[in-house]
1. Of all residues in region 13-46, count the ones that are part of a helix (DSSP H, G or I) and at pLDDT 95 or above.
2. Look at region 1-59 and say how many of its residues are acidic (Asp, Glu) and in contact with an Asp or Glu (Cβ under 8 Å, 6 or more places away or on another chain).
3. Give the residues of region 194-213 that are in contact with a strand residue (DSSP E or B) (Cβ under 8 Å, 6 or more places away or on another chain), open to solvent by 60 Å² or more (accessible area, probe 1.4 Å) and in a loop (DSSP other than H, G, I, E, B), sorted by residue number.
4. Can you name the residue in region 226-237 that is touching a residue at least 12 places away in the same chain (Cβ under 8 Å) and under 23 Å from the mean Cα position of the chain (by Cα) and, of all such residues, is most open to solvent (accessible area, probe 1.4 Å)?
5. Go through region 149-193 and count every residue that is surrounded by 21 or more Cβ atoms within 10 Å (Cβ to Cβ) and under 21 Å from Val11 (Cβ atoms).
6. Cβ-Cβ distance below 7 Å, separation of 6 or more or different chains: which pairs start in region 246-271 with a residue that is polar (S, T, N, Q) and end on one that is within 9 Å of the ligand (Cβ to nearest atom)?
7. Those residues that are open to solvent by 40 Å² or more (accessible area, probe 1.4 Å) and either in contact with a strand residue (DSSP E or B) (Cβ under 9 Å, 6 or more places away or on another chain) or touching a residue at least 40 places away in the same chain (Cβ under 8 Å) (or both), I need them from region 135-148; list them, please.
8. Any chance you could count how many residues in region 44-73 are of a type in the set (D, E, K, R) and within 16 Å of the chain's Cα centre (by Cα)?
Amino acid sequence: MSARIIDGNAVSRKIRSDCAERVARLRAERNVTPSLAVIIVGDDQASRIYVRNKMKAAEDVGVISRLHDFAADADPDLVLHLIDRLNDDPLVHGILVQLPLPPQFNIYSVLHRIHPRKDVDGFHLYNVGGLVVGRTVFSPCTPYGVMKLLQHVGIEVAGQNAVIVGASNIVGKPMALMLMQQEATVAICHARTRDLAQFTILADILVVAAGVPGLIVPQMVKSGAVVIDVGINRLPSGKIVGDVDFEGVRGKASYITPVPGGVGPMTVTMLISNTILSAEQASAAPALDDPFARADIPLEQI
Ligand code: NAD
């Protein structure tokens, strides 16, 4: 068997074209242009490339993006005050803080300062909690992108054995919750899991997000499994690879994502989609049962 390759760039193009139509509709019908505020602190080169990609993708579909750039030794209070101002600004629909932050920052106090209605990365505790009960406002972009890829290729999730390798707050854990929400039977593995292969071999859907190149080899994969590789690793040669032995595993899987060109573009795409969703919600007539549609209700009363 040779796996079919899930082309994240092609799926992204399709969703981004839908995004452009949603932006055009918002402009025409409500006179609203979605806008994303991006905060970056320090000189991490990879972070700067990610931010540039996100802002370009936003602008390509008509979403305004504004960069707020702080030096590595910035006072955290300045960033928190900026977030307060952006929370109060009705022209800003999404706020993104690029991680990692320098050591003087408490990441959680920064992420939780963003109003859940503008938390387009889906990292605020309200959105994380919403994920647990299936009522999140904004899903975290990487696992959300994986769900869209599965949907795009018509994978039925309900009843499947899904195994996730990696249990981080931004990928592994929310991925597990989203798959469980769609009625998969889910196992989560991590660095302390004993005998990883005994879990991965059971997976109908295997999502790998460990950050370890070559971690998943063909013997660990069930014949016909759908293999989603979230990992992004730069080898000493400069080559970018995922966590899965792509050439080996593609001989065994039914579907597989490449790295690059699989999950990566979807992460950016879902960020843009979430920002547009925020603008759609902010400009819609308030729904009585949706506290987030009511900008006048303070967060602490939600
Ligand atoms: P992380 O370091 O926060 O978490 C890694 C997880 O993998 C941990 O739970 C750890 O216990 C587990 N792990 C590590 N080694 C393992 C091993 N040998 N066996 C089993 N589990 C192991 O990383 P993260 O932020 O979740 O990112 C994971 C990978 O995904 C990285 O390569 C990262 O670059 C990539 N990533 C890609 C995207 C994208 O858009 N494609 C987005 C976010 C992260």
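The values are calculated or read from the model by the stated rules, or taken from the named source; none is laboratory data. Since the structure is predicted, the reported quantities are computational estimates derived from the model, not experimental observations. Every residue, glycine among them, receives a Cβ derived from its backbone with ideal geometry; neighbour counts consider all protein chains shown. These area figures cover heavy atoms from the full protein model, side chains too; ligands, DNA and RNA do not enter into them. Shrake-Rupley method; radii C 1.70, N 1.55, O 1.52, S 1.80 Å.
1. Step one: filter region 13-46 for residues part of a helix (DSSP H, G or I), giving 13-30, 45-46.
Cutting the leftovers down to at pLDDT 95 or above gives us 13-30.
Matching residues across region 13-46 total 18.
2. Here is the first cut: in region 1-59, the residues acidic (Asp, Glu) are 7, 18, 21, 29, 43-44, 59.
Subsequent filtering for residues that are in contact with an Asp or Glu (Cβ under 8 Å, 6 or more places away or on another chain) retains none.
Count: 0.
3. Let us first name the residues in region 194-213 that are in contact with a strand residue (DSSP E or B) (Cβ under 8 Å, 6 or more places away or on another chain), namely 196, 199-200, 202-213.
Checking which are open to solvent by 60 Å² or more (accessible area, probe 1.4 Å) leaves us with 199, 202, 212-213.
Selection gives Leu202, Val212, Pro213.
4. Going through region 226-237, the residues touching a residue at least 12 places away in the same chain (Cβ under 8 Å) turn out to be 226-233, 235.
Among the residues that remain, those that are also under 23 Å from the mean Cα position of the chain (by Cα) are: 226-233.
Details: Val226: 8, Val227: 0, Ile228: 0, Asp229: 7, Val230: 23, Gly231: 5, Ile232: 100, Asn233: 15 Å².
Taking the candidates together, the pick is Ile232.
5. 10
6. Every condition considered, the pairs that remain are Thr257/Gly8; Thr257/Asp229; Thr257/Val263; Thr267/Cys141; Thr267/Thr142; Thr267/Gly145; Thr269/Gly145.
7. Listed by number, the residues that qualify are Tyr144, Lys148.
8. Going residue by residue through region 44-73, those that are of a type in the set (D, E, K, R) are 44, 48, 52, 54, 56, 59-60, 66, 69, 73.
From what is left, the residues that are within 16 Å of the chain's Cα centre (by Cα) are 54.
Qualifying residue count, region 44-73: 1.
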